[in-house]
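One structure coming up, written as structure tokens, with questions to follow.
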Amino acid sequence: MKPAPFDYVAPPTIAGALETLAEAGGGAQVIAGGQTLMPLLNLRMSQPFILVDINKTAGMAGITHDGSATRIGAATRQAALLVDAELAAKQPVLVKAARHIGHHQTRNRGTVGGSIALGEPAAELPATSVALGAELEVHSLRGERRIKAEEFYLGPYMTTIEPDELLTAVHFPLWPAGTITVFREVAQRPGDFALVGLVGALHVEGGRIARAGLAWFGMGPTPIKARQAEQALLGQAVDAVDPARIADLAVSDTAPFEDHHATADYRRRVGQRIFARTLSEALNEKQPA
Amino acid sequence: MSDHRIELTVNGQRLAETVEARKSLGDFLRGDAGCTGVHLGCEHGVCGACTVIVDGVAVRSCLMLAVQADGAEITTVEGLAKSDGSFHPVQQAMRDCHGLQCGFCTPGVLMTMAALTPEGGHAREEELLAAMSGHICRCTGYQGIRRAIRQLAGKNDAAAGAHA
């Protein structure tokens, strides 16, 4: 249980980190909190020849808001999401999801960008970024680009980020005031990997669903956007929503796998139930008069 | 593989050592700093036995590299008791409430408790109970740990129930 040998640098600037990533030609791995990466290194599932530590890199952490989005620096600790009143008011879904990431001890070190960039399929933050329509800010020596979270994930721990690119921040769009929070996770114990999870937001205007962003985690090789369910919900009168039917649509977008914790069929059945129940509770709770 | 010079404070003592990049903080604390109270169990962040306090917060020492602790202030279980040997409140609570059996998970449990118990004050019971999800006690001695948490939260019935 010891990592294979590697070199290590802790660049003080983003430019320095990008230079190392470009020079390494795919042999480098960025480390931030290390709460996902260190187990992979210890188990030798990941064997980079150089680690680029961004913990002391200037400009990588912090939470700021503008009129349309919240920008969260990639190296912002997950624990920082839970002690920020402004964030709780502006991004309630994100804060709710953050309470379920790992444990107190891992949230103290784990970062927002680390979880999103590595792409564990059962993790909360990748699915939250997909559900809410987040954009990933990525830099390399070639320049900057933005990637839509829903187009970022290709498979377990596989994303569209290039080897010379560094995730610097995640932009979560501001949803309208009064947005309904949707979150439910089923795990064997608190802090364990989710067997099935659902996260998202609904916005109701004039008694009808005007905006819907819903995604699954632990239900396939990547976080999965519940596109059919979102489409079916849009424009619907809140009283007319049939949660069981929408849940069936949502489950039909998933591709759960079997492991020693649960069968694929179990995941689908539990997913259908929690989707229907969570949707029904969310709409009844917040239904405008 | 690169070697790195690090300087850090462990239990109030200033240390300067050269470490291989891949060495975990847990291995450094046990092997180089002599803090064998840091118990490495699973070495992939699941069991919580290796938990130490880094710059005021509880973290897994198996999920952090020693080189990343350059400049940090670290407390291990060895740093909890006072120099005269008298217990830290979290140690006293675990003793009063029979909060340990084999003791392997105990140093990690103590460090999470210590990080979340304000000096001279009471811990918040719900917060501490939730944080205990980050520790596995393979003796399943959780009831004693729960009683210790109640004592730390200032609920005085805890010690009385220790033998129940």
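The values are calculated or read from the model by the stated rules, or taken from the named source; none is laboratory data. No experiment lies behind these values; they were computed from the predicted model shown. Every residue, glycine as well, gets a Cβ built from its backbone with ideal geometry; the counts of neighbours run over all protein chains shown. In case anyone asks, the SASA skips ligands and DNA or RNA and just uses the protein heavy atoms, side chains included. Shrake-Rupley method; radii C 1.70, N 1.55, O 1.52, S 1.80 Å.
From zero outward in steps of 10 Å, how is the percent of C-alpha pairs of the range A:1-145 spread across the bins?
11, 41, 35, 13, 1
Mind scanning A:56/A:96; B:82/B:155; A:56/B:82; A:96/A:225; A:96/B:155 and naming the pairs with a C-alpha gap bigger than 26 Å?
Where the Cα-Cα span goes over 26 Å, the pairs concerned are A:56/A:96; A:56/B:82; A:96/B:155.
Under a 1.4 Å probe, what is the accessible area of the range A:148-289 per residue, stated in Å²?
46 Å²
While we're looking at this one, here's another question. When Lys and Arg each count +1 and Asp and Glu each count -1, what net charge do the other residues less than 15 Å away from residue B:77, Cβ to Cβ, add up to? Display every interim value, and only then the final one.
Working: positive: B:30, B:60, B:82, B:95; negative: B:78.
So the environment of residue B:77 carries a net charge of +3.
For the range B:32-158, count all C-alpha to C-alpha pairs, find those more than 27 Å apart, and express that count as a whole percent of the total.
Counting pairs separated by more than 27 Å, the tail of P(r) holds 13 percent.
Give me a comma-separated list of calculated 3J(HN,Hα) values for the range A:71-86, in order, Karplus coefficients 6.51, -1.76, 1.60 applied at θ = phi - 60°, integers in Hz, x for any Gly or Pro.
9, 10, x, 4, 8, 5, 5, 4, 4, 5, 6, 9, 10, 10, 5, 5
Subtracting the Cα-Cα distance from 0.36 nm times the residue separation, let me have the gained length for residue B:1 to residue B:13 in nm, one decimal. Intermediate values should be presented prior to the final figure.
Numbers: separation 12, 0.36 × 12 = 4.32 nm, distance 2.81 nm.
Here the segment from residue B:1 to residue B:13 would lengthen by 1.5 nm.
Separate question: Out of every Cα-Cα pair in the range A:61-120, what percent are more than 17 Å apart?
When every Cα pair of the range A:61-120 is considered, 33 percent fall beyond 17 Å.
Place a +1 charge on the Cβ of each Lys and Arg in the protein assembly as shown and a -1 charge on the Cβ of each Asp and Glu, then give the dipole magnitude about the Cα centre in debye, rounded to the nearest 20. List each step's numbers first, then the result.
On the way: 41 positive and 48 negative charges, 211 e Å.
Here the size comes out at about 1020 debye.
Related question: Please label the shape of the protein assembly as shown as rounded, prolate or oblate, based on the square roots a ≥ b ≥ c of the eigenvalues of the alpha-carbon gyration tensor (a/c under 1.5 means rounded; beyond that, a/b larger than b/c means prolate, else oblate). Kindly include the intermediate steps, with their values, before the conclusion.
On the way: a/c = 1.97, a/b = 1.28, b/c = 1.54.
Because a/c hits 1.5 or more and a/b fails to exceed b/c, the protein assembly as shown counts as oblate.
To continue, here is another question. Residues of the range A:103-117 with accessible area at least 40 Å² lower in the all-protein-chain context than alone (1.4 Å probe)?
Listed in order, they are A:103, A:104, A:105, A:108, A:109.
Quick one: which residues, 5 or more positions from residue B:22 or on another chain, have an amide H under 5 Å from its amide H? H modelled 1.01 Å from N in the peptide plane, none for Pro or chain starts.
A:6
Next question, about the same structure. Put a dot 7 Å past each Cα toward the Cβ at residue B:92 and residue A:177; how far apart are the dots in nm?
5.0 nm
Can I ask one more? Rounded to the nearest 100 Å², what is the buried accessible area between B and A, both sides summed, probe 1.4 Å?
Chains B and A together bury roughly 2400 Å² of accessible area.
Just grab the label-to-label distance for residue A:162 and residue A:189, each label 7 Å out from Cα along the Cβ direction, in nm (one decimal).
Between residue A:162 and residue A:189, the simple spin-label model gives 4.4 nm.
List the aspartates and glutamates whose Cα lies under 13 Å from the Cα of residue B:23, skipping any in the same chain that are fewer than 8 positions away.
A:7, B:3, B:32, B:43, B:70
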